[in-house]
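Since the structure comes first, as C-alpha cells, the remarks are kept for the end.
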Amino acid sequence: MSGPLPAAPDYGHNTLAEVLGAVACRLGAGGHDPWGLPKARGYVVLLVDGLGWHQLRRHLSILEYFPELLGEARPISAAVPSTTAVSLTTLGTGLPPGQHGIVGYTFRTAPGGRVLNALHWGSGDPQPELFQPHPTWFQRLEQAGVAVSTVARAKFSDSGLTRAGLRGGSYHPVDDVGTQQRIEEICRTVATPGPALAYVYEGDLDHSGHAFGVDSSRWRACLARIDHDLELLRRALPGDVCLLVTGDHGMIDVPAGAQILFEDEPQLRSGVDLLSGEGRFRQLYTGSADAVAARWSRCLGDRAWVCTRRDAAEAGWFGPVLGASAAGRLGDVLVAMRGNWAVMTTARPHELELIGQHGSLSDEEMRVPLVVDEGWGGQS
C-alpha cells in the first residue's frame, strides 16, 4: 500500500446514495432524509453527467441560474470509483457499490469471468436485473403510489445500465437536441394530482469535458447552456414541485505528458493478468496481489494510491459492507491516480484521446453538488 489512503465517502449521510431516499422520505414513501429537503408534492431530480462541485464553483461568473441557489447548495460525494456507471447505480439503488455490485467502468463479472463494460452491455453479458438484483428507488416509490418517470434520450431506455440500476417507473424518450421538448415532457410527468418524481439525465457536459477538457471554451459553453435550460425548466414547473440538481462525478484534465502507458512500463506489466477500469482508476487482476501492489507503488510513487482490494475494503471505499459478488468483481489491486496523472493502455486507443478524465478519489472528481430549488408553492 502506498501511504495513507484517502478517506471513504460518508455513505449513509452525504453521498449520491442518499438522494432518492431523501426524496422518498419527503413523499412519505420510506427512506431517510439527512439534509432536510423542502417538502413538496413532486420532485424533479436532474443529474448532469460530469458536473463536479469545484468545477461549478469556478465558473459561476458565466452563469445566471446556479449562482442564485449556490448559497443553499452543498457538496455531496460520489461513490468509488467516481465514474458514471457506479454513480448512477448508487443513486438509483440507494446502495454503495460494495452492495449493488456495479464496481467500475469496466470490470470482471466474476473471478475468471469476462470483462463487462458497464456503459455498453453486450448480448453475451449477464442479464442486468440478475446481475444487480436489489430493487431501485424508482421501483419502491412506484409501489408506494408515486408517479415515477424517467426523461432521457431514447437510446438509454433499454440499456443494460438503466435495467441494472435505474429500472422502474415509465420512460419518456426525448430527442438529442431541443430543450423545449424535454421541458414539456418533464412538466407533463409531474403534472399529476398526487406525489410524483421525474428523473432527468443530461449527458452533454461529460462529453465536452472528455473531448475538450474542463478548462475549454466548449465545456464552459455547454455548462452555460445547461444553466439557461434549468432556468427555463424552473419557470415552467408547477410551484409545488421541487427541483434538485446533482452530478455523478467531477473531472480533471490530463495532459498528454501525464499519461503513463501501461505497455511501455515492464514494472507495471509484470504479474498483471488483466488491466481494467479507466485511466484514473485502474483495476488489476493478478494471482500475486501483494507483489503487484508493491511493484506498482514503487513505480508510480506519489503519482498514485496503490492498494489491494482488501486494503480498499478496510478503508471503506465501497461502503461499510463489501458483498461477495462485489468482491469477486473488483480488481485484486486498485490504482487510484493522484494529481493529473493517468495510466493508459493501447488496448483502448480511444481513451488516449480523452482530455478530461475521472474515476479517482480527488476532491475534484469526488465532490458533486446538490442544488435545491424548492419552487414557490411547496408545503411547509
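By the count of neighbouring beta-carbon atoms within 10 Å, fewest first, Phe156, Phe131, Phe107 end up ordered Phe156, Phe131, Phe107.
FRET efficiency for the Asp33 to His228 pair, using the beta carbon distance and R₀ = 30 Å, is estimated at 0.50.
Counting every other Cβ atom within 10 Å of each residue's Cβ, Val372, Val115 order from fewest to most as Val115, Val372.
For the range 105-206, what does the alpha-carbon gyration tensor say about shape, rounded, prolate or oblate, given a ≥ b ≥ c as the root eigenvalues, a/c under 1.5 as rounded, and a/b over b/c as prolate? Oblate shape, in that a/c is at least 1.5 and b/c is the bigger or equal ratio.
Taking a sphere under 15 Å around the Cβ of Gly31 and counting the other residues whose Cβ falls inside, with K and R at +1 and D and E at -1, yields a net charge of 0.
For the chain, averaging the sequence separation of C-alpha pairs within contact (under 8 Å, six or more residues apart) and dividing by the residue count gives a relative contact order of 29 percent.
Net charge dipole, the range 256-356: roughly 160 debye, given to the nearest 20, about the Cα centre with Cβ charges of +1 for Lys and Arg and -1 for Asp and Glu. Shown is the FRET efficiency for Ser288 and Ala327, computed with R0 = 22 Å from the Cβ-Cβ distance and rounded to the nearest 0.05: 0.80.
Here the chain is treated with +1 on each Lys and Arg Cβ and -1 on each Asp and Glu Cβ, and its dipole about the Cα centre works out to around 540 debye.
Centre-to-centre, using Cα atoms only, the range 320-372 and the range 2-70 are separated by 20 Å. Between the range 102-141 and the range 218-271, the alpha-carbon centres lie 22 Å apart. Taken about its Cα centre, the range 147-223 carries a charge dipole of roughly 160 debye when the Cβ of each Lys and Arg holds +1 and the Cβ of each Asp and Glu holds -1.
Positive end of the dipole of the chain (Cβ unit charges, origin at the Cα centre): among Gly277, Pro67, Gly101, the Cα lying farthest that way belongs to Gly101. Here the 3J(HN,Hα) profile of the range 330-345, calculated from phi with Karplus coefficients 6.51, -1.76 and 1.60 at θ = phi - 60°, is 5, x, 6, 10, 10, 10, 9, 6, 10, x, 10, 8, 8, 9, 10, 9 Hz, Gly and Pro shown as x. Summarising the amide proton neighbourhood of Asp332: residues at separation of 5 or more, or on other chains, whose placed amide H is nearer than 5 Å comprise Leu284, Tyr285, Thr286. Dipole orientation for the chain: of the candidates Leu20, Leu322, Cys299, Leu322 has the Cα lying most toward the positive pole (charges on Cβ; Lys, Arg +1; Asp, Glu -1). In this structure, the amide hydrogen of Met344, modeled 1.01 Å from its nitrogen in the peptide plane, lies closer than 5 angstrom to those of Ile260, Leu261, Phe262, counting only residues at least 5 positions away or on a different chain. In terms of other Cβ atoms within 10 Å, Ile76, Ile260, Ile102 run from fewest to most in the order Ile260, Ile76, Ile102.
FYI, it's all coordinate maths here, none of it is from the lab. Bear in mind the structure is a predicted one, so any value in this text is a computation, not a measurement. All Cβ positions, glycine included, derive from the backbone under ideal geometry; neighbour counts span all protein chains shown.
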